[in-house]
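A.B. asks: Input: one structure, supplied below.
The values are calculated or read from the model by the stated rules, or taken from the named source; none is laboratory data. Computed from a predicted model, the values in this text were never measured in an experiment. No Cβ is skipped: glycine too gets one built from the backbone with ideal geometry, and neighbour counts run over all protein chains shown. Accessible surface is based on the protein model in full, side chains and every heavy atom, while ligands, DNA and RNA are left aside. Shrake-Rupley method; radii C 1.70, N 1.55, O 1.52, S 1.80 Å.
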Amino acid sequence: MLSHRLGEKAPKHVDTENQFCQHAAMVVKAPLRWLSMLMLALVVSGCASLKLPTAENRLAERAEQRWHALIAGDFDQAYEYETPGYRAVYSKKAFQNRFGRHVRWVNASTHSVKIHGDIAEVRVMIGYRSLTTDGQPIDGVQPIQERWQLVDGKWWYSKSL
């Protein structure tokens, strides 16, 4: 080895050792390189399919939360989705009295959201159960067009826009 460092020709076994080490390193690195590329591809494809919460998605979720409270009969919770201006004028009891008892809501899902500045239109599909005049149950689905207002960075249901 020392004579090799001084510029003399290295013995034959040294070249064989170096070649073996280089080959071994390549054999180990190749699967790691493929594994790294596979991991990168999975991460990139995962990020591409990841849905970030948009303003429309957040509002759709908020509208559905309001309806889930109404469906559950939790009028105290549903009242909290009304605009601050509405809540300053009307009590929870007045809010609850707006709703009759002839129709029972059974489900709700947001169909579309269109935001125009600080006003939004939200279309919600409401599943309901009612009784006919002869007492027979009737199930149906009704689209509801709602207005929502952005106040201080938060969306509020607004009946009168």
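A.B. asks: So who's got an amide H within less than 5 Å of the one on Val151, skipping anything under 5 residues away but keeping other chains? H placed 1.01 Å off N, in plane.
C.D. replies: Here Trp156 satisfy the definition.
A.B. asks: Something else now. What's the local net charge at Gly85, with K and R +1, D and E -1, over the other residues with C-beta under 15 Å away?
C.D. replies: Charge balance in the 15 Å sphere: 0.
A.B. asks: Loop-only check: which trypsin sites (Lys or Arg not before Pro) in region 54-161 are DSSP coil with at most 12 other Cβ within 10 angstrom?
C.D. replies: Here the sparse-neighbourhood loop sites are Arg98, Arg101, Lys159.
A.B. asks: I want the local charge near Val122. Using Cβ-Cβ distances under 12 Å, sum +1 for each Lys or Arg and -1 for each Asp or Glu among the other residues. Mind showing how you got there, number by number?
C.D. replies: Numbers: positive: Arg58, Arg62, Arg66, Lys114, Arg123, Arg147; negative: Glu56, Glu61, Glu64, Glu121, Glu146.
Surrounding charge for Val122 is +1.
A.B. asks: Give the calculated FRET efficiency between Val89 and Asp152 to the nearest 0.05, with a Förster radius of 22 Å applied to their Cβ-Cβ distance.
C.D. replies: Efficiency at R0 = 22 Å is approximately 0.80.
A.B. asks: Check His111: other-chain or 5+ apart residues with amide H under 5 Å from its amide H, H built from backbone geometry?
C.D. replies: Amide H neighbours of His111, under 5 Å, 5+ apart: Arg123, Val124, Met125.
A.B. asks: Next up: What does the charge count around Gly153 come to, taking other residues whose C-beta lies under 15 Å from its C-beta (Lys +1, Arg +1, Asp -1, Glu -1)?
C.D. replies: Taking every Cβ under 15 Å from that of Gly153, the sum is +1.
A.B. asks: Convert each backbone phi in region 112-126 into a coupling constant with the Karplus relation 6.51 cos²θ - 1.76 cosθ + 1.60 (shift: θ = phi - 60°), then list the ³J(HN,Hα) values in order as whole Hz, x for Gly and Pro.
C.D. replies: Coupling constants for region 112-126: 7, 9, 10, 9, 10, x, 9, 10, 9, 10, 10, 9, 10, 8, 10 Hz.
A.B. asks: What part of the accessible area of region 56-140, given as a whole %, is carbon or sulfur when the probe is 1.4 angstrom?
C.D. replies: Ligands and nucleic acids excluded, carbon and sulfur give 48 percent.
A.B. asks: Which one of Gln145, Thr133, His116 is farthest out on the positive end of the charge dipole of region 96-147, using unit charges on Cβ (Lys, Arg +1; Asp, Glu -1) and the Cα centre as origin?
C.D. replies: Thr133
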